[in-house]
Amino acid sequence: MPLEIEQVRRGDEEPLFNSLMEQYHYLGYEQPVGEQLKYLVKARGQAIACVAWSSAPRHLGARDRFIGWNKEARRRNIHLIAYNTRFLILPWVQVPHLASHILGRMAAMLSADWQRMYAHPIHLVETFVDPSRFQGTCYRAANWIVVGSTTGRGKDDQTHRPNRPVKQVLALPLKRQFRRLLSALSTVEAQDLKVHPPN
């Protein structure tokens, strides 16, 4: 089944995307903050799935340890990570391995699309999976890595106690040298990595 994946942010079909998310995703639709892209996946011209990406959370311990960057590198380079906020396959669509196939296609196109919209690439993508609802099978089948768990505390937490479900944190590097690119403290350093990638 040939698939068309269309980026619809700021396009005529963005309202359709928002409506499908609101109606069929268990979390409903929520307008992302910051940089964001929205994709409609179609088969024979009919929407079968929606995928939303946005700016990454600023503080995420499991991810930060996985990258190994310091606070200054995170401050400079957090915009080079995208967060998969929503992934919806419409409930009447039953196609084996469809979800992992879409995720694989997304990994191949997201950075270039981000570059076109926001004038910078993406080197790593991440998402959260609620293990009480899902096992994250499609992400792992698409080579995403479980890098840890959230603390269960929101970003404005003052109590230091869990107040929401603890979720698995999964990540997928889009570049082989992602750690060095994300830890670069200057544009010159990052450009040198792109010109002379490590062996």
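When segment 84-94 is filtered for residues that are surrounded by fewer than 12 Cβ atoms within 10 Å (Cβ to Cβ) and not aromatic (Phe, Trp, Tyr), the ones remaining, listed by number, are 91, 94. Only one entry of 35, 13, 6, 22 meets the criterion of being among the acidic types (Asp, Glu) and in contact (Cβ under 8 Å) with a residue 60 or more places away in the chain, and that entry is 35. Out of all the residues in segment 67-83, which are part of a helix (DSSP H, G or I) and buried (at least 20 other Cβ atoms within 10 Å of the Cβ)? Answer for segment 67-83, where residues must be part of a helix (DSSP H, G or I) and buried (at least 20 other Cβ atoms within 10 Å of the Cβ): 67, 77, 80. Consider residue 63 carefully, then state whether it is of a type in the set (D, E, K, R), within 19 Å of residue 174 (Cα to Cα), buried (at least 18 other Cβ atoms within 10 Å of the Cβ) and at pLDDT 95 or above. Answer is yes for this residue. Which one of 67, 122, 78 is at negative phi and touching a residue at least 60 places away in the same chain (Cβ under 8 Å)? Sole residue among the options that is at negative phi and touching a residue at least 60 places away in the same chain (Cβ under 8 Å): 67. Screening residue 122 with (1) touching a Ser or Thr at 6+ places or on another chain (Cβ under 8 Å); (2) surrounded by fewer than 19 Cβ atoms within 10 Å (Cβ to Cβ) gives one miss only, at (2).
How many residues does segment 29-63 contain that are over 30 Å from residue 77 (Cα atoms) and assigned to a loop (DSSP other than H, G, I, E, B)? So the count comes out to 2.
The values are calculated or read from the model by the stated rules, or taken from the named source; none is laboratory data. Note that the coordinates shown come from a computational prediction; the quantities given were computed from them, not determined experimentally. Glycine gets a Cβ as well: all are built from the backbone with ideal geometry, and neighbour counts include every protein chain shown.
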